[in-house]
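Scroll down for the structure; my scribbles are underneath it.
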Amino acid sequence: MTFRNELIASAASQLACDYCCSAEDFLTEKGKVTLARISDNRRRCFRSEPDFFKAATMGSGTVISAASEMLEFAGELISKCEGAEIFEQKKIWAINSRLAEYNKVIAANNIYFLPGSPYRYIPRGGLNIKYYEEDQIISELYPIKGFNNALLYSADSPRRDKLAVCALNGDNIVGIAGASSDSPIMWQIGIDVVPEFRGRGIGSELVSALTQAVFMHGAVPYYGTWNGNIASQNTARSAGYYPVWAEMFAFDIETERFGY
């Protein structure tokens with residue numbers, strides 16, 4: 001098995017924990033429906049209670065994990081759709097029509113990326129960067145607000161900021177890439193660059209540097225963004241990432257702030 005295939009296998013194994021199924025379910029053309037439950041090794045970016053409805057595909061079959069009220073509908077949907085067709089907008093409209101009966105709506109539709117392999121970070125000249133471990137993140141970076149896409153700003157959550165890489169302009173931080181321990185094997189990378197320094201390649205440079213550091217810590221880095229965020233997707237691609245899976249999640253319609 002190549003290193004790239006090993007990363008894909010790791011992602012499939014993680015999704016299997018999150019969706020209470022087998023890794024092979026994400027690598028076949030057939031769809032599957034499971035009753036939503038909480039797994040000990042799930043990604044910690046998930047909520048503490050089972051999701052009412054969520055779906056994931058790695059491009060072949062789709063796995064739906066749903067509450068008991070949605071299982072029959074999910075089974076009909078899987079039987080009528082081929083593979084990733086469930087992620088088409090007209091299918092999402094049908095899903096939302098049923099979810100509305102329970103005051104729910106698909107409110108997150110994300111794309112997730114893995115780094116290409118073999119991965120090698122080659123620093124470019126002229127950018128001053130600094131690495132931070134977990135304790136340093138809490139003591140030195142948490143007092144600096146405004147980098148919410150890169151840092152969790154929470155020292156008490158099971159999901160923790162494990163690593164960070166900062167770009168410095170003199171003594172000022174102009175960009176941060178952070179890696180959170182979403183699960184025992186998968187660390188998610190987030191990036192924030194202050195507006196006046198965007199468009200200079202700083203984001204992709206920080207993501208690339210952090211990716212190598214995550215690998216050195218024995219974890220698998222991954223990168224997620226919503227499907228309309230082209231700038232973020234371009235940052236991932238510039239840092240050597242490629243899209244591997246998509247997921248959508250339902251939330252209460254009244255929820256003020258969607259997302260995990």
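The values are calculated or read from the model by the stated rules, or taken from the named source; none is laboratory data. Computed from a predicted model, the values in this text were never measured in an experiment. Note that we place each Cβ from the backbone using ideal geometry, even for glycine, and neighbour counts take in every protein chain shown. Just so you know, the surface numbers come from the protein's heavy atoms only, side chains and all, with ligands and any DNA or RNA stripped out. Shrake-Rupley method; radii C 1.70, N 1.55, O 1.52, S 1.80 Å.
Among the conditions (1) under 20 Å from Asn109 (Cα atoms); (2) at pLDDT 95 or above, the only one that Pro195 does not satisfy is (1). When the residues of the stretch 79-104 are filtered to those that are surrounded by fewer than 21 Cβ atoms within 10 Å (Cβ to Cβ), aliphatic (A, V, I, L, M) and touching a residue at least 40 places away in the same chain (Cβ under 8 Å), which remaining residue is farthest from Ala11 (Cα to Cα)? Going through the qualifying residues, I end up with Ala100. No other residue among Ala12, Ala55 is in contact (Cβ under 8 Å) with a residue 12 or more places away in the chain and either within 20 Å of Asn96 (Cβ to Cβ) or open to solvent by 20 Å² or more (accessible area, probe 1.4 Å) (or both) apart from Ala55. If you go through the stretch 193-208 and keep only what is among the aliphatic types (A, V, I, L, M) and more than 18 Å from the chain's Cα centre (by Cα), you end up with Val193, Val194, Ile202. Could you list, in sequence order, the residues of the stretch 191-225 that are open to solvent by 10 Å² or more (accessible area, probe 1.4 Å), closer than 19 Å to Tyr131 by Cα and assigned to a strand (DSSP E or B)? Of everything in the stretch 191-225, those that are open to solvent by 10 Å² or more (accessible area, probe 1.4 Å), closer than 19 Å to Tyr131 by Cα and assigned to a strand (DSSP E or B) turn out to be Ile191, Asp192, Val193, Val220.
Are any of the residues in the stretch 166-188 of a type in the set (D, E, K, R), more than 17 Å from Pro115 (Cβ to Cβ) and not in a loop (DSSP other than H, G, I, E, B)? Checked against the condition, which is being of a type in the set (D, E, K, R), more than 17 Å from Pro115 (Cβ to Cβ) and not in a loop (DSSP other than H, G, I, E, B), the stretch 166-188 yields no hits at all.
Residue count for the stretch 105-116 under the criterion of being aromatic (Phe, Trp, Tyr) and either part of a loop (DSSP other than H, G, I, E, B) or open to solvent by 40 Å² or more (accessible area, probe 1.4 Å) (or both): the result is 0. Scanning the stretch 117-171 for residues that are of a type in the set (Val, Ile, Thr) and touching a helix residue (DSSP H, G or I) at 6+ places or on another chain (Cβ under 9 Å), we see that the one that is least open to solvent (accessible area, probe 1.4 Å) is Val165. Of all residues in the stretch 33-52, those that are open to solvent by 40 Å² or more (accessible area, probe 1.4 Å) and modelled with pLDDT under 95 total 10.
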